[in-house]
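Below is one structure, written out as structure tokens; comments come after it.
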Amino acid sequence: MTISERLAAIRRRIENACARCDRDPNDVRLVAVSKKKPAADIEQAHRAGQQLFGESYVQELMEKAPLVAAPVEWHFIGGLQSNKVKYLRGRVTLIHSVDRLSLAREISRQWQKEASVADILLQVNLAREESKRGAAEDEVLELVPQIAELPGVRIRGLMTLPPYAENPEDVRPYFRRLRRLAEQIAAAGLPGVEMRELSMGMSHDFETAIEEGATLIRIGTAIFGARN
Ligand SMILES: *Cc1c(COP(=O)(O)O)cnc(C)c1O
């Protein structure tokens, strides 16, 4: 299958999942995860109507973005070191992976330099997996008011990368927990904190994520094929 055919199939699956749970498909945005894929693949996806792309490595994004002539939108979804934050300013419209105060402070500092505001999500490590980034739930609850005070940063929601499971049903409890956590944070009504976005669901479990309220699904393999 071509990238265009795979994208069409995914869009159909998104619409079907939305129909099953009575959601508007326009409320679910597809982030095409193009890490380790060439600019030509991104151009091809763009010709097939895909505008939004997600990248996981700053260096790769820096090298690849100038090679993509199409007017695409970028999200940053990977682990982020504070010293690389400056390269994302003016390039990405959302950072999905903020998991500590020092990182939020650096984003704040960099975006303030051009008097703009960075949209960020807090990455939550629900299963407290050593191998994954993200703050634990109790840490997130502490981080939210601290980050909310920073100028130049706006918290738009939460992101998670749950433990891998063959059967998406096994991941559903994590998606549900992320939604509950967002509801709990939203109930506090802090200025500078919106809980509009839930970034969850990947190639093998995005339909379950949609049923549990995902607004951003991050799909790589199912669009671009396996990565080497
Ligand atoms: C690579 C990656 C994805 C996409 O995973 P696929 O299984 O290829 O769809 C989604 N989210 C994050 C954070 C990733 O690093």
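The values are calculated or read from the model by the stated rules, or taken from the named source; none is laboratory data. Just so it is clear, the model here is predicted, and its values are computed rather than measured. Glycine gets a Cβ as well: all are built from the backbone with ideal geometry, and neighbour counts include every protein chain shown. Ligands, DNA and RNA are excluded from the accessible area calculation, which covers all protein heavy atoms including side chains. Shrake-Rupley method; radii C 1.70, N 1.55, O 1.52, S 1.80 Å.
Residue pairs whose Cβ atoms lie under 8 Å apart, separated by 6 or more positions or on different chains, with the first residue in the range 39-58 and more than 22 Å from Leu80 (Cα to Cα) and the second open to solvent by 10 Å² or more (accessible area, probe 1.4 Å) and within 13 Å of the ligand (Cβ to nearest atom), are Asp41/Phe224; Ala45/Phe224; Gln50/Leu30.
From the list Leu121, Leu80, Leu61, the one residue that fits, being of a type outside the set (Val, Ile, Thr), open to solvent by less than 10 Å² (accessible area, probe 1.4 Å), in a loop (DSSP other than H, G, I, E, B) and within 13 Å of the ligand (Cβ to nearest atom), is Leu80.
Restricting attention to the range 111-145, the residues that are in contact (Cβ under 8 Å) with a residue 40 or more places away in the chain and within 22 Å of Lys84 (Cα to Cα) total 6. Given the condition open to solvent by less than 10 Å² (accessible area, probe 1.4 Å) and either part of a helix (DSSP H, G or I) or not aliphatic (A, V, I, L, M) (or both), answer yes or no: does some residue in the range 124-139 qualify? The answer is no; no qualifying residue exists. Given the conditions (1) surrounded by fewer than 18 Cβ atoms within 10 Å (Cβ to Cβ); (2) of a type in the set (A, V, I, L, M); (3) within 13 Å of the ligand (Cβ to nearest atom), which single one is not true for Ala187? Condition not satisfied by Ala187: (3). Residues that are modelled with pLDDT of 95 or more and open to solvent by less than 70 Å² (accessible area, probe 1.4 Å) within the range 168-184 comprise Val171, Arg172, Tyr174, Phe175, Leu178, Arg179, Leu181, Ala182, listed in sequence order.
Only residues that are more than 20 Å from Arg11 (Cβ to Cβ) and open to solvent by less than 20 Å² (accessible area, probe 1.4 Å) were counted across the range 47-58, and they come to 3. Scanning the range 151-163 for residues that are over 17 Å from the mean Cα position of the chain (by Cα) and closer than 18 Å to His96 by Cβ gives a single hit, Gly152. Within the option set Glu194, Glu166, being away from the ligand (no atom under 16 Å from the Cβ), among the acidic types (Asp, Glu) and farther than 24 Å from Lys37 by Cα holds for one residue only, Glu194.
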